[in-house]
Each structure stands twice: as structure tokens, then as C-alpha cells.
Amino acid sequence: MGATRIERTASGCAKNHHRANDRVWQIQLPSAKNTTNASSTSTGRETVVTEMIACTGLVQLWATQRIQYLVWSRHLCSLRMDLVLLVTAFGFGFAATRIRLPALVGYLAAGFVLHAGGFETSEAIETISDLGVQLLLFGIGLKLKIRTLARPEVWGTATIHVAASTALVAVAILVMGVLGVPMASNLDIGQLALVGFAFSFSSTVFAVKTLEEMNESGSLSGRVAVGVLIVQDVFAVTFLALSTGELPTLWALPMVLLIVALRPVAGWLLSRSGHGELLVLLGFALALGVGAGGFGLVGLKPELGALVVGIAVSSHPRAGEMADRLLDFKDLFLVGFFLSIGLAGTPPLGSYAVAALMLMLIPAKGALFFLMFNRFRLRSRTALHSSLTLSTYSEFGLIVATAGLAGGQLDQAWVSAIALAVAASFAVASTANTARYRLYGSLSDGLARLERHPPLPDDSVVDGGYARVIIFGMGRVGTGAYDEIIARRGAIVVGVDRSEDTIARHARGGRNVVRGDALDRDFWERLRFRHDVELIVVAMDNHRSNLECVDRAKEFLPEAHIAAIATYPDQVFELRTAGVDVARDLYQEAGQALADDAVAAGWERFTEPEDTDNVDRRGESGDSQQPAGEH
């Protein structure tokens, strides 16, 4: 009887469990015979206890399985949500690039739209966001050159502009508060200063992308703009380091000294990590492991640690290569940061009002940059181009605002307002930078009157002297062409390279080499010669750069003949299509030259013994033999 009751009770529990979970669990119970024998020797109380134990075991089993099911369901749901976020981010980013806006504008818009649809940020998105910011700062550290930052037109402009912009925006927000805008009416002086500070930065992402698209990364205007951005980023990182409000542990200073002491080890590893995935992995290890991880252990901002490690290895010859290899990873991880900003909340009406006001202040921001560059003796053209590149609001402003949100100094509405202003500023600046040459053409007369003389040496006219031949790219090929022309025609050649180290090396060798970027329109306009240029040799190591140089040469020196190198036959065809007079496949020409030199140097020596033997054999067989045609 007891066995029957147990089986009936167990069966009921199993059925209930099946209905709750839509699954059938196979439960092994004691056999009926054994249970009957056991029940015959048990009291009624023991039977009830046995029934309760059986049901309790089944309930526990069901609960365990149910918890596991819910956990896996949660993970699956989170995975699906993350996939939806990433796919939507791609769609909006792709759409932004189609209308010639940076993709991050699309990522911000995707975040706002997804939040309006009920989505929220996830742990995975936040992790990706943190990695993106840390890699961003590591890359800034890798490119931090103290010599560039020490130039007055860089640090002076950046410092004065940040201070003036902070004050200007703070006053504008204060006026909004007086006019009754709710968001701006309750801010104290510290909050006003923080908002102004966040709006004082210019976008590194936008500037780098714009300079790359216009082939002006190596121009003076591009180098000055990037230098100002790095100084601004240093200000932002300093704020982030101080924004936690917590004192670091006693191990903070030893950690910094340890990173500095490990600099030779990092350099040794960097020199031996090749050019593939091992170099990328080393970058991740230094930025996220040594830098961010080490600083986090001692109570310092992890982002600051990534920056410090980047600075520690920035003097290594391959630091720039590492930064370039990590660039795509950094941009990918920053998608999470921009998504998280949008997912944090849909902007209220006041955020749109603030963003509209900041958009109206962009011309003042650019004019202040232009005025400062002019005061530091940059030509009006260079000053205008640098100012247009910097006339945006920055993703670093979002990072500063996010830190203020975490510290309770700002609310989410201000973060959303800054995000809107950043996206809108990209749209305005993109249009202005596309028209920069036409804009300067219409304003050149008035802007020229604002110039201070003499201009900086880097921005003055480049005197080519009596040279009739220009060689762009003074690597091994360019150097060989330079020496050969000098040997044949005399000192009528000038070399052009954008590397200061390369120029110094050639100066020690007695070659006439000037600094310039073949892709920079400013350089071509500053280039002056006392005779007509007869020949331009394009010998840079990048095919796209060579094609761009050919276009510049045909625009500014249309009468000169052009010779260029390539590394593949199809590149030779592209160069000839572009109007090059002489295009040579570097490796094919090297093979032909090797064969010619080999024949000239050794063919007679290789063939003479064979000819002598033939003569001897012919002499032994008789000298009376005649050629076949004489029989």
C-alpha cells in the first residue's frame, strides 16, 4: 500500500513538473517489490516521511533544472540582444558613411533609436566600451611626441583655446538658465565649468578620418591640428584621473616606476614581434594588461594606465606601426562606447535646445582657433585648414561628461545633449572641410591681411633653387635615382621627403633634400624654382600615394615629364593611364638589371673555356671541314 501511494505521489509530482517545464524527466524510483518489502516493515509514519522525501527530491530536481533553464535562457536572450544592437549599429553606421558623415554619428543615432524601442545597454556593450576607451588612450600615448607638443603653436593654442572655450560655453549655458531653460537653470559654477570643459574639445576621430581622406595627414596644417588634439586629450585624461575622488593606494607610485623601468623590456619585445598578429597581441597586452590592469590594481584610473604605457614606448621606432595596427580594433570597440551613450536614455527636449545652441557656437570655436594660429605666425591658409579640422565637438567630451555622470555632477540629460552636439558638429564640419579650398579662395585676400610676418620656417616658401629634377620619396629607390642623375647631369636635383630622420641622414651625406609631403597642396603652393622643372620622379613606397602625387604634379607642374615606380604590372597600367611618361615595375626592372650585370660581368668568363674546347676538338678532327652551306 505504501509503495502504491509513493508511486502515485511521485507520478503526480512528475506530471506537475512536466506541465511546468514542458519537459519529461526520467525518475528512477525503487522497484515495486523492494518498496513493498520495505513498507511491510515500516510504520505509517515512516511511509509518510518516505513520500515526503520522494516529493522533496523531485521538487529539488525540478527547481535545479528550472534554474539552469532560466540561466541559459537569460544568456541566450542577452546574446540575441547584443546581436541586435551590433547589427543595428552597423546599419546606422553604414548609412552615415553613405552621406559622408563619420560612422560614429550612426552609432549614436542607433543607440537613441534602440533605447526608444525598449532596449538597454548590456554588460557586454559596457565591457566593449571600456576596452575602446583604453585602446584610444593607448594609441594617443604611442603618438605622443614631446618635441611636437613643445611647439608654441601647439601647446599655446590648445591651452588658451580650452580655457576660452570653457568660459564661453559656461556663459552661454548660464544665459540659457536665465532665459528659463530647465536643464540650465539649476547648475552651479562647478557644473557650468564641467559642461564648458566637455564642450571645449575637438574630435580626434573626425580629424584623423578627414585628414586621411584628404591626404593631408603629413601636411603642416594636419600635424598642428593633431598636436592640438593630443594636448586636449592630455587635459581630458588628467581630469579623468582626478575625477574618481578616491586616493590611490600606496602602491601607485611604485606601479608607475615599474612601468617606466619595464620600458626596455617592452622595447625589446616590440622589436621582435614581427608585423603580424603577434604585434597586435603585444599591443593588447601592454594597453589592457600592464597599463589598465596595473593601474586598476593600485586604485588609479585604468584609462590613465593605458596612456602611460603608450607614452613609455612612444619613442620606439615601431610605436607608430603598433598604433596603426591597433587602429581598427580601437574603432571597433569604440562602437560600444557610442552605443552605450545612446542606450542610456532618449534625449529630453532641453537636450535638443542645448545642442542647437552649441551648434551656433561652432563658428566662434573655429574663429578662435584661426586667431590663435595666426598669432603664432602660421600662414592664413594653414591656419584656416587647421581650424576647420578642429571645428567639432569631441568624443572625449562625452567621456568627460560620462565621468561627471558617474560622480553625480551631471545627469543623463547633459550627456545626451553633448552626444547630440557631437553628432551635429560632425555634419557641419564635414561640409565645411569638403569646401575648404573654395572657402579659402573666396576669403584669401581678407585673411592674408591678418598674417604675421615672418611666417614659421615650416610654413614659409620652399626654395627649390636651380633644380630641374624633383624626386619624391628618398628611400633606397629615390636615393639611387638621385645619385645616378647627379652623376650624369650634375647638381640639378632636389629630393623631397616628409621624414625628418631621412632628411637629416641625407644632409649628412651631402644631398639636397627638403621636407615636404607630396600629397599636401600647401607644399606644392609653397614650392618655388628658378628654372622650369624638367622631370619629376615619384619613388614613394605606396602606390596610392604615388598616384596622388602624379595628380598633384600634373596640376601644379603640367609641363614636366613624370617617371614613377610600381610593384605590380597592373599598377604600371594605372600609372600610365594617369599620365605618367615612364612607369616601371620595380621587381621586373631589378630582374632585368641583374641579368644584364651578370652577363656583362661573367658571360665571357663562363663561355670561353667551352669555346676553347670546341676549337681544340675541331682541330683534332681536321681543319678541312667547311660549313654546311659551302658544300
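The values are calculated or read from the model by the stated rules, or taken from the named source; none is laboratory data. Model, not experiment: these values are computed from the prediction. Cβ coordinates were reconstructed from backbone atoms using ideal geometry, including for glycine residues, and neighbour counts include every protein chain displayed. Quick note on the areas: whole protein, heavy atoms, side chains included, nothing else; ligands and nucleic acids left out. Shrake-Rupley method; radii C 1.70, N 1.55, O 1.52, S 1.80 Å.
Quick look at the numbers
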{"quantity": "Qualifying helices (runs of 4 or more DSSP H) (wholly inside segment 143-233; at least 3 residues being within 19 Å of N374 (Cα to Cα) and of a type outside the set (V, I, T))", "calculated": "152-178"}
{"quantity": "Elements of type helices (runs of 4 or more DSSP H) in segment 449-563, at least 3 residues being within 30 Å of the chain's Cα centre (by Cα)", "calculated": "500-508, 521-526, 543-556"}
{"quantity": "Residues of segment 392-424 classified as open to solvent by 10 Å² or more (accessible area, probe 1.4 Å) and closer than 16 Å to S202 by Cα, total", "calculated": "4"}
{"quantity": "Of the criteria (1) surrounded by 17 or more Cβ atoms within 10 Å (Cβ to Cβ); (2) touching a residue at least 24 places away in the same chain (Cβ under 8 Å); (3) not hydrophobic (A, V, I, L, M, F, W, C), which one G106 fails", "calculated": "(2)"}
{"quantity": "Residue list for segment 286-303, restricted to those being in a helix (DSSP H, G or I) and under 24 Å from I146 (Cα atoms)", "calculated": "L286, A287, L288, V290, G291, A292, F295, P302, E303"}
{"quantity": "Yes/no for V572 being buried (at least 19 other Cβ atoms within 10 Å of the Cβ), β-branched (V, I, T) and part of a helix (DSSP H, G or I)", "calculated": "yes"}
{"quantity": "Qualifying residues in segment 360-415 (those that are in contact with an Asp or Glu (Cβ under 7 Å, 6 or more places away or on another chain) and assigned to a loop (DSSP other than H, G, I, E, B)) - the one nearest to P182 (Cα to Cα)", "calculated": "F376"}
{"quantity": "Candidates R436, R449, filtered to the one that is open to solvent by less than 80 Å² (accessible area, probe 1.4 Å) and charged (D, E, K, R)", "calculated": "R436"}
{"quantity": "Test: residue in segment 137-156 that is more than 24 Å from the chain's Cα centre (by Cα) and among the small types (G, A, S)", "calculated": "yes"}
{"quantity": "Only listed residue being more than 25 Å from T210 (Cβ to Cβ) and at pLDDT 85 or above, chosen from A406, A383, A364, A353", "calculated": "A353"}
{"quantity": "Condition broken by A417, with the remaining ones in (1) touching a Pro at 6+ places or on another chain (Cβ under 8 Å); (2) on the phi > 0 side of the Ramachandran plot satisfied", "calculated": "(2)"}
{"quantity": "Flag for E246 being of a type outside the set (K, R), at pLDDT 80 or above, surrounded by fewer than 22 Cβ atoms within 10 Å (Cβ to Cβ) and at negative phi", "calculated": "no"}
{"quantity": "From the options G139, G117, G177, G156, residue that is modelled with pLDDT under 85 and farther than 22 Å from E395 by Cβ", "calculated": "G117"}
{"quantity": "Verdict on T127 being open to solvent by 30 Å² or more (accessible area, probe 1.4 Å), of a type in the set (S, T, Y) and touching a Leu at 6+ places or on another chain (Cβ under 7 Å)", "calculated": "no"}
{"quantity": "Positions within segment 304-334 being part of a helix (DSSP H, G or I), open to solvent by less than 30 Å² (accessible area, probe 1.4 Å) and under 24 Å from R147 (Cα atoms), in sequence order", "calculated": "G305, A306, L307, V309, G310, A312, A319, M322, A323, L326"}
{"quantity": "Candidates E534, E548, E555 - the one that is out of contact with any strand residue (DSSP E or B) (no Cβ under 7 Å at 6 or more places or on another chain), of a type in the set (D, E) and either open to solvent by 70 Å² or more (accessible area, probe 1.4 Å) or at pLDDT 90 or above (or both)", "calculated": "E555"}
